[in-house]
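The values are calculated or read from the model by the stated rules, or taken from the named source; none is laboratory data. Every value quoted in this text rests on a predicted model; they were computed, and no experiment measured them. Here the Cβ positions follow ideal geometry from the backbone for every residue, glycine too, while neighbour counts run over all protein chains shown.
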Amino acid sequence: MAADARHPTAVILTALSLESSAVLPHLNNIERLVHTSGVQVDRGRLADTPWYIALAEIGERSTRAAVITERLNTWLQPEALFFVGIAGGLKEDIQVGDVVVATKVYGIQGGKETAEGFLVRPEAWRPSFRLEQAARHALRGKAHFKPIATSDVVIANAQSAITQHLHQHYNDAVAIEMEAAGVAEAAHLAGTLDALIIRGISDKADTNKHLEDAQGSQASAAENATAAVVAVLRNLQPSSAGYQAQIQATVRPIRVPKLKRQGGWRSWNERWVENTSQYRAVASAYGRIVNEYQAVCKQYGVGESFWPTEKKVGRELAAITGEGRWIIVIDNVRHLRNIGAAIFSIPGDGINPGTLPMSPTEETARDFVAGASAVITQLGLLSRNGPPR
């Protein structure tokens with residue numbers, strides 16, 4: 001069963017129960033999916049994004065991770081795959097609780113034993129450039145972007161032979177764990193699967209490991225790694241053809257409502273126009289546009305006032321995101337704002353008398369509500385938050 005292209009899917013893999021438990025609270029409307037081989041995932045919507053997440057708890061060991069990664073890729077055809085969980089730190093400047101995004105994954109067991117000693121035959125895999133870039137933007141100043149190493153052995157001694165082996169042959173690795181090499185190789189062999197490894201540091205791979213574990217460092221590290229992958233997904237725009245086709249079909253100029261009033265302008269001593277169903281419908285739709293538009297402005301750090309110049313905002317959003325269709329959407333916002341301003345009352349200030357509210361016709365109200373609904377969908381599709389809930 002492949003994922004619906006209109007609903008972009010990302011797979012999050014974890015090895016341990018405490019790691020998957022950190023991810024689950026971020027998902028809505030969770031359903032259990034079971035592959036014919038028995039592999040199970042919990043699939044749910046990542047709140048306030050276009051992403052559907054398939055969460056798989058796969059157990060420990062690199063070979064197991066490789067097999068299940070390949071199986072999930074064939075089954076779900078995800079746009080992105082993240083391996084998220086805990087690791088041991090290997091460097092002094094990597095502290096318990098820190099997050100490491102792997103810029104390289106070493107498989108450290110390969111080599112040849114000779115009379116002269118062990119000759120290292122390193123293997124290494126790099127992450128998806130697309131996902132790494134999304135992570136660098138989303139986690140700037142909040143994570144280390146460094147190589148990590150994969151071992152089949154849990155390290156709890158900083159003076160062990162494996163630790164010395166790492167120091168001598170993989171000196172730039174800042175963390176050690178047990179599955180990432182299998183995930184990275186499976187993604188490499190798939191050819192088209194974007195993958196990224198994100199680890200939270202739960203110990204220093206030394207004799208104090210059991211003390212750190214007893215203090216809850218593993219759960220905290222898993223939560224930190226989860227927070228990082230959620231931030232990356234909020235910054236990652238889906239690229240699937242179906243999703244892009246949805247944007248192409250939806251983001252276009254709206255039909256601007258014709259402003260027609262019903263019963264003329266009403267004086268203050270007559271019945272309030274706010275009591276008409278048409279006025280209430282427009283006011284409700286107008287309020288939703290205000291909320292969504294302000295949320296987008298805040299999200300991207302654009303706009304200087306309650307209603308900044310829309311044309312300027314459209315240009316700024318297009319420049320920030322590289323998506324020129326923002327100009328179309330914000331222009332649609334401007335049209336509806338002008339119609340709304342003409343319908344609502346503008347109070348006087350003691351000098352200027354202001355204007356009185358008007359009751360729009362049913363046609364104007366209907367077209368305004370339809371236009372507002374379309375624009376809110378457009379704002380959601382182009383923003384990092386995805387389609388509106």
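Please tell me if Arg130 is surrounded by fewer than 16 Cβ atoms within 10 Å (Cβ to Cβ), within 18 Å of the chain's Cα centre (by Cα), closer than 17 Å to His188 by Cα and touching a residue at least 12 places away in the same chain (Cβ under 8 Å). In short, yes. Summed over segment 71-106, residues that are assigned to a loop (DSSP other than H, G, I, E, B) and among the hydrophobic types (A, V, I, L, M, F, W, C) total 3. Only one of the numbered conditions (1) closer than 18 Å to Leu233 by Cβ; (2) assigned to a helix (DSSP H, G or I); (3) at pLDDT 95 or above is not met by Ile68, and that is (1). Scanning segment 94-117 for residues that are without any contact (Cβ under 8 Å) to a residue 12 or more places away in the chain and of a type outside the set (Gly, Ala, Ser) returns Lys112, Glu113, Thr114, Glu116. Within segment 155-190, being assigned to a loop (DSSP other than H, G, I, E, B) and modelled with pLDDT of 85 or more holds for Tyr170, Asn171, Asp172, Ala173, Val174, Met178, Glu179.
Inspection of segment 3-18 finds a residue satisfying the criterion of being in the same structural domain as Ala186 (by TED's automatic domain parsing), modelled with pLDDT of 95 or more and part of a helix (DSSP H, G or I).
Report, by residue number, each residue of segment 191-234 that is assigned to a helix (DSSP H, G or I), more than 23 Å from the chain's Cα centre (by Cα) and either surrounded by fewer than 18 Cβ atoms within 10 Å (Cβ to Cβ) or of a type in the set (Lys, Arg) (or both). The answer is Lys209, His210, Leu211, Asp213, Ala214. Can you find even one residue in segment 90-112 that is under 30 Å from Val296 (Cβ atoms), surrounded by 20 or more Cβ atoms within 10 Å (Cβ to Cβ) and modelled with pLDDT of 95 or more? Within segment 90-112, one or more residues are under 30 Å from Val296 (Cβ atoms), surrounded by 20 or more Cβ atoms within 10 Å (Cβ to Cβ) and modelled with pLDDT of 95 or more. Go through segment 303-361 and count every residue that is hydroxyl-bearing (Ser, Thr, Tyr) and modelled with pLDDT under 70. Residues that pass the stated criteria total 3.
Per-residue answers, yes or no, for (1) over 24 Å from Leu119 (Cβ atoms); (2) outside the structural domain of Leu27 (by TED's automatic domain parsing); (3) of a type in the set (A, V, I, L, M, F, W, C):
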site	(1), (2), (3)
Thr163	no, no, no
His167	no, no, no
Ala173	no, no, yes
Glu177	yes, no, no
Asp194	yes, no, no
Ala231	yes, no, yes
Asn235	yes, no, no
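Within segment 235-252, one or more residues are surrounded by fewer than 22 Cβ atoms within 10 Å (Cβ to Cβ), part of a loop (DSSP other than H, G, I, E, B) and among the hydrophobic types (A, V, I, L, M, F, W, C). Pairs are defined by a Cβ separation below 8 Å, a sequence spacing of at least 6 or placement on different chains, a first member in segment 362-389 that is on the phi > 0 side of the Ramachandran plot, and a second member that is in a loop (DSSP other than H, G, I, E, B) and at pLDDT below 85; the pairs so defined are Gly386/Asp48; Gly386/Thr49; Gly386/Pro50.
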